[in-house]
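**Q** My structure is below; once you've seen it, I'll send some questions.
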Amino acid sequence: MSQMVLATGNAAARRARGRCVTVAVDGMAFHSPVHVGDEVSVYADLISTGRTSMKFQVEAWRRSRDGDEQVKVTEAVFTFVAIDSGSRPRPVPPG
Ligand SMILES: CC(C)(COP(=O)(O)OP(=O)(O)OC[C@H]1O[C@@H](n2cnc3c(N)ncnc32)[C@H](O)[C@@H]1OP(=O)(O)O)[C@@H](O)C(=O)NCCC(=O)NCCS
């Protein structure tokens, strides 16, 4: 989950051109475990943008060291809010 926050935080910060914070995580589902040594990939798709907030559909996938099969392990919708230097919400700039 922390990897998903980091990855999505990067995507949010790029879209909002600056600092963002997580305000909500919805529908978190853990479908399958991640094993020690697995490669984990996180994909974050922007699904909607509000005045100051952005919603991302986020998925984490695993692949073992010795195989090619990829398995979706976790998914959720993360909402980030763009914030200013005083940690107050600020408008997301036009895309
Ligand atoms: C994020 C934060 C700055 C927002 O401040 P706020 O006073 O609640 O701001 P607002 O009520 O104006 O809401 C700002 C936006 O967040 C959205 N929002 C607020 N609470 C939400 C929730 N629970 N779920 C989804 N969106 C939410 C609002 O709809 C609004 O979006 P919009 O401008 O696109 O319409 C403040 O709540 C905060 O600092 N929270 C703690 C964040 C944090 O510590 N995150 C780390 C977690 S590990």
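**Q** Would you mind stating whether residue 4 is modelled with pLDDT of 95 or more and in contact with a Cys (Cβ under 8 Å, 6 or more places away or on another chain)?
**A** On the way: modelled with pLDDT of 95 or more: yes; in contact with a Cys (Cβ under 8 Å, 6 or more places away or on another chain): no.
The answer is no for residue 4.
**Q** Do we find that residue 71 is open to solvent by less than 40 Å² (accessible area, probe 1.4 Å) and more than 17 Å from the chain's Cα centre (by Cα) in this structure?
**A** Details: open to solvent by less than 40 Å² (accessible area, probe 1.4 Å): yes; more than 17 Å from the chain's Cα centre (by Cα): yes.
Here the answer is yes, as residue 71 does meet what is asked.
**Q** Moving to a separate point now. I'd like to know if the stretch 10-18 contains one or more residues that are touching an Asp or Glu at 6+ places or on another chain (Cβ under 6 Å) and either open to solvent by less than 80 Å² (accessible area, probe 1.4 Å) or among the polar types (S, T, N, Q) (or both).
**A** no
**Q** Residue 24 - would you say it is within 15 Å of the chain's Cα centre (by Cα), more than 14 Å from residue 59 (Cα to Cα), among the small types (Gly, Ala, Ser) and surrounded by 13 or more Cβ atoms within 10 Å (Cβ to Cβ)? Give the steps one after another, and end with the answer.
**A** Numbers: within 15 Å of the chain's Cα centre (by Cα): yes; more than 14 Å from residue 59 (Cα to Cα): yes; among the small types (Gly, Ala, Ser): yes; surrounded by 13 or more Cβ atoms within 10 Å (Cβ to Cβ): no.
So residue 24 fails the test.
**Q** Let me ask you something else. For residue 51, only one of the following conditions fails: (1) surrounded by fewer than 12 Cβ atoms within 10 Å (Cβ to Cβ); (2) of a type outside the set (A, V, I, L, M); (3) within 17 Å of the chain's Cα centre (by Cα). What is its number?
**A** (3)
The values are calculated or read from the model by the stated rules, or taken from the named source; none is laboratory data. Here the structure is a predicted model, which is why all the values come from computation and not from measurement. Methodologically, a virtual Cβ is constructed for each residue, glycine included, from the backbone with ideal geometry; neighbour enumeration extends over all protein chains shown. Accessible surface areas use protein heavy atoms only, side chains included; no ligands, DNA or RNA. Shrake-Rupley method; radii C 1.70, N 1.55, O 1.52, S 1.80 Å.
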